[in-house]
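Got a structure here, written out as structure tokens. Questions coming.
Derivation of every value follows stated rules applied to the coordinates shown; laboratory data play no part. The structure displayed is predicted, hence computed values, not measured ones. Positions of Cβ are backbone-derived with ideal geometry, glycine not excepted, and every protein chain shown enters the neighbour counts.
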Ligand SMILES: Cc1cc2nc3c(=O)[nH]c(=O)nc-3n(C[C@H](O)[C@H](O)[C@H](O)COP(=O)(O)OP(=O)(O)OC[C@H]3O[C@@H](n4cnc5c(N)ncnc54)[C@H](O)[C@@H]3O)c2cc1C
Ligand SMILES: Cc1cc2nc3c(=O)[nH]c(=O)nc-3n(C[C@H](O)[C@H](O)[C@H](O)COP(=O)(O)OP(=O)(O)OC[C@H]3O[C@@H](n4cnc5c(N)ncnc54)[C@H](O)[C@@H]3O)c2cc1C
Ligand code: FES
């Protein structure tokens, strides 16, 4: 007996013809088996969810910083854009955490990824990388990720890079790429460091500047002794204007400690640069979160609150992000950027109050339904969260 | 091992709405989602001070408060209607023809007819006859759907009797005549002017089928429901609905697991009995609703030797559909500065839409029609003060992108975006100089976030032989069924409603 469907179609104009087309399609169509794992394979060649890295080389680049190169344990490192970072997971004294590091090597070669880690005063992971890590050590990582990069659709060909301390790393990758590929671009790199001997990659950058007329490199030292021949002070409006000359028609990129990029942002404002021509890498949480605008005045940073998640209750210090407290307690949280942008660490705030640092890319829906990015949220009372 | 009544694979629109329905009916339900947020296509992302909507152009079937449409009623049932700030859009779309003529259709039938008559006075009679046909056709479609729904299983119902007596064509003449026709077949019958045809066929870009293959029934239905129920947008974009549904599911006792894809469907004695998640955890259930493609459901989640041969044969009759190449643009000026006046634009640089559609199989958007939207036009609050958000893109198949050498990926992506901006610059002078953010999504981006074959955004090709009564809804593994754009008309409204419909059926079966 004919099915109801067939009966209806039989009475429609073009019905039999379409049924026939369907039957033919079935004969010549593709077997679904050929699709097995195909999308995974394709996506992985560009965006690999998780990387298995092995340290292949370590170079001391200054007394306080090391360049660390990684090769892939699986033989493939995905493509990336100069300026992007990888988030590397570590396990230190039983605490699993991670830190993002900008790739400093050129995207034109992917035999290895190079990062460069600088020591910071009360560092945790940075100390570990500088003091403990050796060739052959294995790490899990995610990335490459990040949107601090050259976008040819609307960025000018004249780039002004403003770097501070280890913030030189993404610029190293960008500069290497541009100079190696002979791209038609002009770069002004203004690099702020405390002393010349602490300026990461200084020698290499100076040599590149000698060789390439389209690369202008200027070191600005904040703690220099009087006889050195570098610029002194900070990267302010005058310094930028003096070095770059014609400001119009340039895109500005800033990367470095928040104090430095805040300072440079003011300088660019003085120069009337449009926001669209300014790119800023968040470069992680600041250590002195108590000095962040909006920090609750009744808190010192030493308070310890209770953080409830499921049936677990853990300690949470007011000057540490919820993410860090969760990691200290061994709770697994998805993370990548650790600077409020990627939303991977998102949790729901069920009760209590938090202080949200600047630079969080929250979605409208998150704000509406009480979701926060735990990497940029600091407890200001006892809190309860859920995933 | 944890037990559920129903497990839903994927938190896309149909996945979420089916889970919400089940949870509200008191079933124990769990949604597994690969991504860290809900929504699938129904999502958004942030760049700088902008939040970009990924997929929603116009929400259908909402209706107004006075005259609620089916989706408004459904959202009310879910308890989420009042959590959302709805924005009624005041034009259906604007078609921008080669040579610079732009025709914007108002959201009333009369307004639309008058606008077209003004522009194409010599075809006045045909324009009126066409709208009449669209309305009669949709009326019959609704009647037929209602009659089918009323006919109960076993007994030879009235409708069945009617059909077997070859009376279908008598009772439903418009259905019989038009249901299996393509858009071009119908429009060419009615109209002489190619321009006029393009002004009426605009919705083809919602399904990614060129007019010569776009089923007329979808065009008629879109025209009818967007006029009757008005097109809607909402503050915060579709992510707000996705999140609201997630909260509704949880509130009703359901579970939603993020960053937790399903790795395997457990099949025993030919029946689906549970799933294994990405962490290797196993869960048991009475029914599974898959919100992902049937292709991945079988090929990736079921052990090869357990995939029914019939399923493989059946699905080989369906072709993976189109994906998209989209620029998400944040401008540092209001839309009027560059002359953007309507929220939804279809831009043709060539009158032959079928011919230019052939470029959909290539990498670069040199001639393809461009779809450009700007919701700042309808609600300045969707972006920060003094700015605007424009989404501009074109439909592209995944294949050439899949074949691209990864080393060329970023360069190719920016080159493609540049072509789109160049083309927009001609219509909206100054656009490039106001760009503050631009992100480019390619078919591979869609593949990454949705995990669909070919990066398909509308599931299988929605041509006449694969849609309507031909949707691939047949079940081959007991207790494993589907809800979503791969087995239904694509779109937000249709899939919220279809998810609800599938869930109601499933709910009856898991008593
Ligand atoms: C996109 C991006 C790119 C970056 N690129 C670079 C780069 O190229 N080079 C570079 O040097 N840096 C880079 N950074 C910064 C880098 O990620 C780290 O912030 C930096 O290395 C300092 O890490 P740290 O752990 O030493 O210190 P912090 O990140 O300041 O971490 C200290 C934190 O660790 C917590 N902590 C301290 N002790 C413990 C403990 N025992 N257990 C658990 N938690 C503890 C404390 O709460 C404190 O908040 C980048 C950051 C971002 C966001
Ligand atoms: C660019 C674009 C523009 C569009 N424009 C419009 C428009 O204007 N109007 C309109 O109505 N419609 C539009 N659509 C179509 C509409 O968005 C879709 O038809 C609809 O959202 C489909 O929903 P779905 O239920 O099929 O789920 P999908 O959105 O396809 O979601 C499937 C979900 O399953 C998840 N998943 C995949 N694999 C697994 C696994 N193994 N385990 C767990 N989870 C998994 C995915 O992460 C995803 O969340 C557009 C779509 C796109 C992408
Ligand atoms: S880890 Fe990216 S937002 Fe917190």
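What number, in nm² with one decimal, is the all-direction average of the projected area of the convex hull of the alpha-carbon atoms of segment A:102-195?
Details: hull surface 31.2 nm².
Taking a quarter of the hull surface, the average projection is 7.8 nm².
Here's another thing I want to ask about it. Residues in segment B:381-400, backbone N under 20 Å from the label point at residue B:433 (7 Å along the Cα-to-beta-carbon vector): list them, ranges by number please.
So the set is B:386-390.
Between residue A:52 and residue B:305, what is the FRET efficiency for a Förster distance of 35 Å, r being their Cβ-Cβ separation, to the nearest 0.05?
Details: r = 31 Å, r/R0 = 0.88.
After rounding to 0.05, the efficiency reads 0.70.
Can you put A:212, B:446 in order of Cβ neighbours within 10 angstrom, beginning with the fewest? Each step should come with its number before you reach the end.
Values: A:212 16, B:446 25.
Starting with the residue having the fewest Cβ neighbours, the order is A:212, B:446.
With the convex hull built on the Cα atoms of the protein assembly as shown, state its orientation-averaged projected area in nm².
Working: hull surface 153.7 nm².
So the mean shadow area of the Cα hull is 38.4 nm².
Please rank A:175, A:48, B:108, A:300, fewest neighbouring Cβ atoms within 10 Å first, as an exposure proxy.
Numbers: A:175 27, A:48 19, B:108 14, A:300 9.
Starting with the residue having the fewest Cβ neighbours, the order is A:300, B:108, A:48, A:175.
Continuing with the same structure: For segment B:1-127, compute the orientation-averaged projected area of the C-alpha convex hull (one quarter of its surface), in nm².
13.0 nm²
I would also like to ask the following. Fully extended, how many nm does the chain gain between residue B:509 and residue B:101 (0.36 nm per residue separation, minus their Cα-Cα distance)?
Between residue B:509 and residue B:101, full extension yields 141.4 nm more.
Specify, per residue and in Å³, the volume enclosed by the convex hull of the alpha carbon atoms belonging to chain B. Present the calculation step by step, with values, prior to reporting the outcome.
Numbers: hull volume 78.4 nm³, N = 511.
Enclosed volume per residue, from the Cα hull, is 153 Å³.
Moving on. Roughly speaking, what is the centre-to-centre gap between segment B:82-145 and segment A:288-316 when only Cα atoms are used, to the nearest Å?
Each part reduced to its Cα centre gives a spacing of 57 Å.
Also, I was wondering about something else. Can you give the three extents of the C-alpha atoms in segment B:106-227 along their principal axes, from longest to shortest, in whole Å?
53, 27, 23
A further question on this structure: So how far, in whole Å, is the C-alpha centre of segment A:334-368 from the one of segment A:166-245?
Result: 35 Å between the Cα centres.
When the Cα centres of segment B:340-358 and segment B:44-60 are compared, how far apart do they sit, in Å?
22 Å
Please state the shape class of segment B:211-272: rounded when a/c is under 1.5, otherwise prolate if a/b exceeds b/c and oblate if not, all from the C-alpha gyration tensor. Walk me through the intermediate numbers first.
Numbers: a/c = 2.96, a/b = 1.43, b/c = 2.07.
Oblate shape, in that a/c is at least 1.5 and b/c is the bigger or equal ratio.
Per 10 Å bin from zero, what fraction in whole % of the C-alpha pairs of segment A:47-141 is there, up to the bin with the longest pair?
Reading upward from the zero bin: 16, 54, 28, 3.
Additional query: Using only the alpha-carbon atoms of segment A:290-386, report the extent along each of the three principal axes, biggest first, to the nearest angstrom.
33, 30, 23
With a Förster radius of 45 Å, plug the Cβ-Cβ distance of residue A:131 and residue A:236 into 1/(1 + (r/R0)^6) and report the FRET value to the nearest 0.05.
Values: r = 35 Å, r/R0 = 0.78.
Between residue A:131 and residue A:236 the formula returns 0.80.
Here's another thing I want to ask about it. On average, how many beta carbons from a partner chain sit within 10 Å of the beta carbon of a residue in A:364-375?
Numbers: counts 12, 18, 7, 1, 10, 7, 2, 2, 0, 0, 0, 0.
Neighbouring Cβ atoms belonging to other protein chains average 5 per residue here.
Under the definition of partner shielding as Cβ atoms of other protein chains within 10 Å of a residue Cβ, what is the mean value for peptide A:264-276?
So the per-residue partner count for this stretch is 2.
Arrange B:364, A:252 by Cβ neighbour counts within 10 Å, fewest through most, would you? Please report the intermediate quantities before stating the final value.
Values: B:364 17, A:252 26.
Ascending number of Cβ neighbours within 10 Å: B:364, A:252.
Quick check: from the Cα gyration tensor, does segment B:302-423 come out rounded (a/c under 1.5), prolate or oblate?
On the way: a/c = 2.15, a/b = 1.93, b/c = 1.12.
Taking the square roots of the gyration eigenvalues as a ≥ b ≥ c, segment B:302-423 is prolate.
With each run of n ≥ 4 DSSP H residues scored as -39500 (n - 2.57), what mean residue ellipticity at 222 nm is computed for chain A after dividing by its residue count and rounding to the nearest 500 deg cm²/dmol? Don't jump to the answer; show the numbers that get you there.
Working: 10 runs with 92 residues, N = 387.
One gets -7000 deg cm²/dmol as the mean residue ellipticity at 222 nm.
When you count, for each residue, the other Cβ atoms within 10 Å and take the mean per peptide, how do B:115-127, B:170-182, B:214-226 rank with the highest first? Don't skip to the end; give the middle numbers.
Numbers: B:115-127: 15.8, B:170-182: 20.0, B:214-226: 23.7.
Highest mean packing first, the order is B:214-226, B:170-182, B:115-127.
Also: Which residues in segment B:99-125 have a backbone N closer than 11 Å to a point placed 7 Å from the Cα of residue B:67 along the Cα-to-Cβ line?
B:108-110
Taking 56 Å as R0, compute the FRET efficiency from the Cβ-Cβ separation of residue A:211 and residue B:319 and round it to 0.05. Kindly include the intermediate steps, with their values, before the conclusion.
Values: r = 54 Å, r/R0 = 0.96.
After rounding to 0.05, the efficiency reads 0.55.
Where a ≥ b ≥ c are the square roots of the eigenvalues of the C-alpha gyration tensor, would you call segment A:146-241 rounded, which needs a/c under 1.5, or, failing that, prolate if a/b is larger than b/c, or oblate?
prolate
To continue, here is another question. Hey, what does the equivalent ellipsoid look like for segment A:1-79, semi-axes from the Cα gyration tensor as sqrt of 5 times each eigenvalue, largest first, whole Å? Walk me through the intermediate numbers first.
On the way: eigenvalues 733, 27, 17 Å².
Working from the Cα gyration tensor, I get semi-axes of 61, 12, 9 Å.
Run a plain Debye calculation on chain A (Cα atoms as equal point scatterers, no solvent) and give log10 I(q)/I(0) at q = 0.09 Å⁻¹, rounded to two decimals, same order as the q list.
Evaluating at q = 0.09 Å⁻¹ gives log10 I(q)/I(0) of -0.62.
While we're looking at this one, here's another question. Quickly estimate the mean residue ellipticity at 222 nm for chain B, helices only: each DSSP H run with n ≥ 4 gives -39500 (n - 2.57), and the total goes over all residues, rounded to 500.
On the way: 19 runs with 192 residues, N = 511.
Estimated from H runs of four or more residues: -11000 deg cm²/dmol.
Please list B:484-491, B:503-510 highest first by mean number of surrounding beta-carbon atoms within 10 Å per residue. It would help to have the intermediate numbers written out before the result.
Details: B:484-491: 25.6, B:503-510: 17.1.
The most tightly packed comes first, giving B:484-491, B:503-510.
Could you work out the mean count of beta carbons from other protein chains within 10 Å of each residue's beta carbon in B:307-319? Let's see the in-between values first.
Values: counts 3, 0, 0, 0, 1, 5, 5, 3, 6, 10, 10, 6, 3.
Mean shielding by partner chains, rounded to a whole number: 4.
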